[in-house]
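One structure is given here, and the rest of the page talks about it.
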Amino acid sequence: DAPEIKECQPFAEEAKKFTLDSCENMNIYLSFEPNGDKKDRYGRLVAWIWLKVNGGGYLNVNEALVAKGLASVYFYGPGKLQNRDKMISLQRSARKQKIGKWADFIDGSVLKTPNGQRYHCTRDCTHLQRSNKLISLKAS
């Protein structure tokens, strides 16, 4: 999930530039999740973008964007990403290195009600004042 240019989200231009620099005038290859939807709920094509690199291998542009902190892992449907663990690991590494959109990210905690319906940062919320068994979760 790359930042939106139309909404002027941080790192949108950097993600666009990286993608253009990587893909422009190149043969790109698309692949899709097995048994997955090819479009998300907004009608956008959801595909893996591949580039052939020197040495005969392929670069997964989606993974590269996440590794550089220019995109986040995006779960768009009920299926599991075929490379979910790798994507999460790349995002975690970018966050730990504080690169790209993670440069100013601060880990925090949230409180969750027992039924999982509410998440809040402080106990001051009226929903949480009535709850006895709050669960503290790391928010990252």
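Results, tabulated for the structure shown:
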| read-out | value |
| --- | --- |
| Among (1) exposed (fewer than 15 other Cβ atoms within 10 Å of the Cβ); (2) under 27 Å from SER136 (Cα atoms), the one test that LYS101 misses | (1) |
| Residue list for the stretch 75-87, filter: open to solvent by 40 Å² or more (accessible area, probe 1.4 Å) and either in contact with a Leu (Cβ under 6 Å, 6 or more places away or on another chain) or among the hydrophobic types (A, V, I, L, M, F, W, C) (or both) | PHE75 |
| Any chance LYS17 is more than 20 Å from PHE105 (Cα to Cα) and modelled with pLDDT of 95 or more | yes |
| Test set (1) assigned to a loop (DSSP other than H, G, I, E, B); (2) surrounded by 12 or more Cβ atoms within 10 Å (Cβ to Cβ) - CYS8 fails condition number | (2) |
| Conditions (1) part of a loop (DSSP other than H, G, I, E, B); (2) in contact with a strand residue (DSSP E or B) (Cβ under 6 Å, 6 or more places away or on another chain): number failed by ILE49 | (1) |
| Output for the stretch 46-74, where each listed residue is open to solvent by 90 Å² or more (accessible area, probe 1.4 Å), of a type outside the set (Lys, Arg) and in contact (Cβ under 8 Å) with a residue 12 or more places away in the chain | TYR58 |
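The values are calculated or read from the model by the stated rules, or taken from the named source; none is laboratory data. Fair warning: this is a prediction, and the values are worked out from it, not measured in the lab. Because the Cβ atoms are built from the backbone with ideal geometry, glycine has one as well, and the counts that use them run over all protein chains shown. Each accessible area value is taken on the protein alone, full model and side chains, heavy atoms only, with ligands, DNA and RNA left out. Shrake-Rupley method; radii C 1.70, N 1.55, O 1.52, S 1.80 Å.
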